Amino acid sequence: MRYQDLLKILGVAVVLGLLVSACAGAAIPTPPKENVAIYAHTTTFPDIDPSISFSNDSAVTSNAYETLVWYNPPGSEELLSPGLATSWESNEDATEWTFDLRQGIKFHDGTDFNAEAVKYSVERTMGMGMGASYIWDAVEEVEVVDDYTARFKLSYPAPLDLIAASGYGAWIMSPTCTEAHDSAWLNEGHDCGSGPYMIESYERGQRLVMTRFDDYWGGWKEGQFDKVVFDIVEDPTVRQQMIEAGEADVTYELPRENLEALDAREDATVYTNPSFQNLLGLLNHKKPPLDNKLVRQAISYAFPYEDLIKSVMKGYAVQAYGPVPTGMWGYSDDLFQYRYDLEKAKELLAEAGYPNGGFKLVMTYATGDMDEAQVGELWKAELAKLGIELEVRGMSWEPQWDLAKSDPAVAQDILVFYWWPDVVSPYSFLRGMFHCEEEILFNLGYLCNPELDEIMDRANELSGSDRAEAERLFIEAQKILIENADAVFFYDVNNTHVLRSDIKGYVDNPAYPHVVFFYKLSR
Amino acid sequence: MRRWAYVVRRLALAALVLLSVSVITFFISRVVPSDPAAKWVGPRPTKEQIAQARVKLGLDKPLYVQYLGYMGDLLHGDFGVSVRTHQPIIRDLQTYLPATLELVGVGTIMAVVIGIPLGVFSGAKKNSLLDHLSRLLAIAGVSMPTFWMGLLLQLFFFGKLGILPLGSRVDNAITLYHPVQQITGFYLIDSLVTGNLPAFRNSLVHIILPAFTLATYAIGLTIRMTRSTMIEVLEEGYITAARAAGIPERTILFRLALKNAIIPTLTVLALSFVYSLTGAILVEVIFSWPGLGSYVTEAILSVDFPAIMAVTLVVTVFYVFINLFMDLWQAFLDPRITLG
């Protein structure tokens, strides 16, 4: 009896197995020869409305929409290149900007691109007041001079060319299309752009499909992609398996230890380069002992920078020179860089009145981020040698920010987080984290140095009209920050993207994080 | 009559439960440190943007006014708008809930189809080879961590054998060339109903690994519970009498004995089903399955309180109704059980 039962169960299992393999083996009938690119993306897209999008959804918007101007990857001859605008100029003090627009461009809905569309797009973004709409704060009026000339009148000087090149909030959309539909419609899987690809379908949390816009003004060549599929895959192991099996063509954020082996494969290539994102530790200027410059300098000397970059980041980072990241204008490797030097740290501590340390510091970081956790652990070990106790506290962003915005006297001593630019300018870093703030937003070190503020504000005013002088001033500002050790500048993060080797033309542009401009690729 | 009175009373209690859950969740999510107005605006909000958002979201009103407003909208079927995505939550629920129900449903079916027969035969043939193997399977199913099991299955069936896919609900090719028409949101049903055979085959193949991974715990549970209740039942006098009367063993096992033995197992399975609605998060992440678990986790991490509320209420509804259903069914199966 029991053998019969066993046989029955085995039989069922075999039948099921056959069924499964038959099903799996059955080829899916597909139309002939379409060139499809698959991007295994790590997160869902919160909001793909171009006026609101301010997150990883730029991976999608950058292919469906275009800006007036594009920021070029570091190492390019020019800082900016023409996008929907062919040329631009400002008046002497950068309070008036005129853009000459490209002619003969159509939006995906068939309507023409013109100055009216530019005015509409900027006004819509400003009006909605969400996401990165604040980048247009200086704009008082957008004038339609004629069909292909748009003039921006500003209430104060601003680098509008840089602003118009932002990867967030600077997208130009079709007025007809956007008027006829609302934000919810866009998020169901549609777009109102002029870019090379159109959104075809969107299964929230799963997959977004884009298809070629045949009438794209740039024209199409052999080998370019017909369709682009964004697959949302949260697990890094699964993403890696997809790349290895050829089920994905592009991905990023894979475990660092596996990158070397991946690159060694014939069918995969790892592209790595510095990004515009860096990791900093903002120091509490309103609570002893970090209100003392000497103590801040001391702990800056106590951090093992090289060790971290070599052993934790495995070389996929570079030590920061101040708050402006590698490769961005305003960056300078002439600036002073703190090095790991416990002797120097001891000296400074003694000078400050803490010869044997004897105090405790609380460092908060984003829970789950292993890199930040390691930063804390390494630092803790070194500070212990100086008699300083470091409590490394992982917190979710919401409570972490909430704590930091509360009374500085009870807030954290050190807040570790990443910064990345909205508008590609040193001002984003400086204004964001180091400018006097009455109501604290992101100046989570509570620094207030009027001299510094004056320099950075002046530099920003000049960034439109005299970029060279602006750069000089930004470097001045950074010198002050570094000298005062107002923050610990850990490292500039590297972007690493992994692509299948048969894909040509990929160049990472850190101004648009993790954006793959599929129009530029071919297989 | 008694039964209907019972049902009405249970439904009234259910409404009370839902109300209490909504109050508790609402007030907890407002007490937790966060800034929903800032979250609404985006990752880099300015002071002005936050102030505007605060008014727009009604966060400047007193807490009880906000609560009443929320409940009012809820009664119209409006779950509110997600603070993180600015999209109506009902849309998200329409995407994630069917996906989860499909996954957990198929998993539960697997647990029933595999677990119950194995449990029955295990109990009937105590200490046989089959019994030992089943018990081993049961222990393994209950003790192995789900995510590890999932990764192993992926490695084996996708990596080594290449016969099952890595994850997601359907292949890219299906989305591109044979898209599933969304009727119920259950790909298996929708594709079958619209005659989309390639999509049906593909969804079936895609659901096997994640559903099985999810089911391993339930299978283990089912085997053990069925086995022990069967052993008890099979020792009853009427079973011996039935055997003496010459009734075939199969009928005795599955018609007489199982009917009495199955009640505790089904209750546990039902609870396991509802738990997995959000508890399947690890399986969802590994198999890139767009489920309620991942959705609510993201909501919790960003303190997206409308979304958290919505999912909590939906899951509560499921708990309440499944419990009610199980109680009614038990009474149906076993006339000795009196309701109320």
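Points to keep in mind about this one:
- Out of A:P159, A:P175, one residue alone is surrounded by fewer than 22 Cβ atoms within 10 Å (Cβ to Cβ) and touching a helix residue (DSSP H, G or I) at 6+ places or on another chain (Cβ under 9 Å). It is A:P175.
- The numbered conditions (1) acidic (D, E); (2) assigned to a loop (DSSP other than H, G, I, E, B); (3) within 14 Å of chain B (Cβ to nearest Cβ) are all true for A:D231 except (2).
- Residues that are among the small types (G, A, S), part of a helix (DSSP H, G or I) and away from every other protein chain (no Cβ under 13 Å) were ranked within region B:61-105; the one that is nearest to B:L204 (Cα to Cα) is B:G105.
- For B:G293, the stated conditions do not hold, so it cannot be described as within 24 Å of B:G167 (Cβ to Cβ) and out of contact with any helix residue (DSSP H, G or I) (no Cβ under 6 Å at 6 or more places or on another chain).
- Looking only at region B:256-289, residues that are within 14 Å of chain A (Cβ to nearest Cβ), crowded, with 24+ Cβ neighbours inside 10 Å and on the phi < 0 side of the Ramachandran plot come to 6 in all.
Residue-by-condition table, conditions (1) touching a helix residue (DSSP H, G or I) at 6+ places or on another chain (Cβ under 9 Å); (2) within 14 Å of another protein chain (Cβ to nearest Cβ):
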position: A:T86; (1), (2): no, no
position: A:L101; (1), (2): yes, no
position: A:G104; (1), (2): no, no
position: A:K119; (1), (2): yes, no
position: A:A132; (1), (2): yes, yes
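- Residues of region A:203-218 that turn out to be surrounded by fewer than 22 Cβ atoms within 10 Å (Cβ to Cβ), touching a residue at least 24 places away in the same chain (Cβ under 8 Å) and over 23 Å from the mean Cα position of the chain (by Cα), as a count: 4
- Residue in region B:309-321 that is within 14 Å of another protein chain (Cβ to nearest Cβ) and over 26 Å from B:G119 (Cβ atoms) present: yes
- A single entry from B:L301, B:L253, B:L209, B:L292 fulfils the requirement of being touching a residue at least 24 places away in the same chain (Cβ under 8 Å), farther than 24 Å from B:L136 by Cα and within 14 Å of chain A (Cβ to nearest Cβ): B:L292.
- Some residue of region B:89-100 being touching a strand residue (DSSP E or B) at 6+ places or on another chain (Cβ under 8 Å) and either on the phi > 0 side of the Ramachandran plot or hydroxyl-bearing (S, T, Y) (or both): yes
- Within region A:114-130, the set of residues being surrounded by fewer than 19 Cβ atoms within 10 Å (Cβ to Cβ) and hydrophobic (A, V, I, L, M, F, W, C) comprises A:M126, A:M128.
- Of all residues making up region A:364-405, the number that are assigned to a helix (DSSP H, G or I) and more than 11 Å from every other protein chain (Cβ to nearest Cβ): 16
- Residues that are closer than 20 Å to A:W397 by Cα and among the polar types (S, T, N, Q) were ranked within region B:43-61; the one that is surrounded by the most Cβ atoms within 10 Å (Cβ to Cβ) is B:Q49.
- Residues in region A:137-167 that are touching a residue at least 24 places away in the same chain (Cβ under 8 Å) and within 12 Å of chain B (Cβ to nearest Cβ): A:S166 only.
- With respect to (1) at pLDDT 95 or above; (2) within 23 Å of B:R84 (Cβ to Cβ); (3) within 13 Å of chain B (Cβ to nearest Cβ); (4) surrounded by 23 or more Cβ atoms within 10 Å (Cβ to Cβ), the lone exception for A:W419 is condition (4).
- The residue that is farthest from B:G220 (Cα to Cα), counting only those in region B:151-168 that are touching a residue at least 24 places away in the same chain (Cβ under 8 Å) and small (G, A, S), is B:S168.
- Apart from one condition, A:V209 fits all of (1) over 20 Å from A:K520 (Cα atoms); (2) within 14 Å of chain B (Cβ to nearest Cβ); the exception is (1).
- Inter-residue pairs, beta-carbon under 8 Å, first at the interface with chain B (Cβ under 10 Å from one of its Cβ atoms) and closer than 19 Å to B:V283 by Cβ and in region A:234-253, second surrounded by fewer than 24 Cβ atoms within 10 Å (Cβ to Cβ) and among the hydroxyl-bearing types (S, T, Y), 6+ apart: A:E234/A:T42; A:E234/A:T43; A:R239/A:T42
- Selection within region A:174-224 - hydroxyl-bearing (S, T, Y) and closer than 20 Å to A:T111 by Cα: A:S174, A:T176, A:T178, A:S183, A:S194, A:Y197, A:T211, A:Y216
- Filtered by the rule that a residue be without any contact (Cβ under 8 Å) to a residue 24 or more places away in the chain and hydrophobic (A, V, I, L, M, F, W, C), region B:129-150 gives B:L129, B:L130, B:L133, B:L136, B:W148.
- Inspection of region B:228-238 finds no residue satisfying the criterion of being farther than 23 Å from B:L97 by Cβ, part of a helix (DSSP H, G or I) and within 14 Å of another protein chain (Cβ to nearest Cβ).
- Matching residues, region A:199-228, being outside any loop (DSSP other than H, G, I, E, B) and of a type in the set (S, T, Y): A:S201, A:Y202, A:T211
- Close Cβ contacts (under 7 Å, 6 or more residues apart or on different chains) running from residues in region A:219-231 that are more than 12 Å from A:R523 (Cβ to Cβ) to residues that are assigned to a loop (DSSP other than H, G, I, E, B) and not charged (D, E, K, R) comprise A:D231/A:A248; A:D231/B:S168.
- The combined condition, being under 16 Å from B:A218 (Cα atoms), crowded, with 24+ Cβ neighbours inside 10 Å and among the small types (G, A, S), is fulfilled by B:G115.
- Looking at A:M433, A:M370, just one residue is within 30 Å of the chain's Cα centre (by Cα), of a type outside the set (K, R) and within 30 Å of A:N72 (Cα to Cα), and that residue is A:M433.
- Test: B:I50 is modelled with pLDDT of 90 or more, within 14 Å of chain A (Cβ to nearest Cβ) and in a helix (DSSP H, G or I): yes
- When restricted to residues that are farther than 20 Å from A:S406 by Cβ and over 29 Å from the mean Cα position of the chain (by Cα), region B:26-40 contains 1.
The values are calculated or read from the model by the stated rules, or taken from the named source; none is laboratory data. Computed from a predicted model, the values in this text were never measured in an experiment. FYI the Cβ positions are ideal-geometry reconstructions off the backbone, even for glycines, and counts take in every protein chain you see.
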